[in-house]
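Everything below concerns the one structure shown next.
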Amino acid sequence: MLFKRVFEMSDLEFLIENTRFNLNQNLPQIEICGEKVGPFSQGSTIELPRWVCDKLEEQGYGSKSEDIPSIVWISKLAWSESRSQAMTSLEPLFYAKLRRMIKTLRQRANQSSDPTVHKDYEVVHMYALDLITSRLQKIVKASLMAPGRLEAIPNATDEEKFLFIVLSKLINSWSKAILEVE
């Protein structure tokens, strides 16, 4: 539950981050959280929070102009992470983007009888697990070698830094319980 909250926070940060949106039709003035936005004309590119762009996309006003994660993207990350001694650098909000990709693919797989859609989900899930495993091994090793010292994991995401701190405390507590026998 503790880690679920950490990921919910990064998911929220991802949703409120501004992203570009290409309008394929006119958008009248709308109110978002008490703020008036628009009107905008067809063909315009606007920048709004991702959650607003998601809603506009659902209503057919256009599409987000952001890099859409792909199987190639996650496979390259998993491959390079598995071959690197140190943690590789990931983009900010990486896990939020990955979680969203997995969720979207799972929803598509559940709604489709097309075997390629199911295969895409399975492949992305496998690469994500490989990437997570590689990074976890490095986090565990760093929490054993340099407990609590964040400089030991310079390329860690915020979520990984949180895990590192929790692991360091847990390992320290474990060691003390064994070594401080009365």
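Look through F3, F21 and report the one residue that is within 16 Å of E160 (Cβ to Cβ), outside the structural domain of L136 (by TED's automatic domain parsing), of a type outside the set (G, A, S) and in contact with a helix residue (DSSP H, G or I) (Cβ under 9 Å, 6 or more places away or on another chain).
F3
Suppose the filter is of a type in the set (D, E) and more than 26 Å from the chain's Cα centre (by Cα); does E31 pass it?
So E31 passes the test.
What is the one condition in (1) surrounded by 11 or more Cβ atoms within 10 Å (Cβ to Cβ); (2) among the aliphatic types (A, V, I, L, M); (3) within 30 Å of I132 (Cβ to Cβ); (4) touching a residue at least 24 places away in the same chain (Cβ under 8 Å) that L23 does not satisfy?
All conditions are met except number (3).
If you go through region 21-39 one residue at a time, do you hit one that is modelled with pLDDT under 90 and within 14 Å of A96 (Cβ to Cβ)?
No.
For region 42-67, enumerate the residues that are assigned to a loop (DSSP other than H, G, I, E, B) and surrounded by 11 or more Cβ atoms within 10 Å (Cβ to Cβ).
Q42, G43, S44, Y61, S65, E66
Mind checking which residues of region 150-176 are among the small types (G, A, S) and part of a helix (DSSP H, G or I)?
The answer is A152, S168, S173, S175.
If we scan region 142-150, do we find a residue that is under 14 Å from A86 (Cβ atoms) and at pLDDT 95 or above?
Yes, there is a match, as at least one residue in region 142-150 is under 14 Å from A86 (Cβ atoms) and at pLDDT 95 or above.
With the checklist (1) under 16 Å from P69 (Cα atoms); (2) loosely packed, with under 13 Cβ neighbours inside 10 Å; (3) among the charged types (D, E, K, R) in hand, flag the one item E151 doesn't pass.
That leaves (1) as the condition not met.
Could you check how many residues of region 29-81 are in contact with a Gly (Cβ under 6 Å, 6 or more places away or on another chain) and of a type outside the set (V, I, T)?
Summing the residues that are in contact with a Gly (Cβ under 6 Å, 6 or more places away or on another chain) and of a type outside the set (V, I, T) in region 29-81 gives 1.
Testing E13 on (1) over 18 Å from the mean Cα position of the chain (by Cα); (2) in a helix (DSSP H, G or I), one condition comes back false. Which one is that?
All conditions pass for E13, except number (1).
Could you pull out the residue among K36, K76 that is free of Cβ contacts under 8 Å to residues at least 12 places away in the same chain, more than 29 Å from D158 (Cα to Cα) and of a type in the set (K, R)?
When all the criteria are applied, what remains is K36.
The values are calculated or read from the model by the stated rules, or taken from the named source; none is laboratory data. In this text, all values refer to a predicted model and were calculated from it rather than measured experimentally. Reconstructed Cβ throughout: ideal geometry from the backbone, glycine too, with neighbour counts over all protein chains shown.
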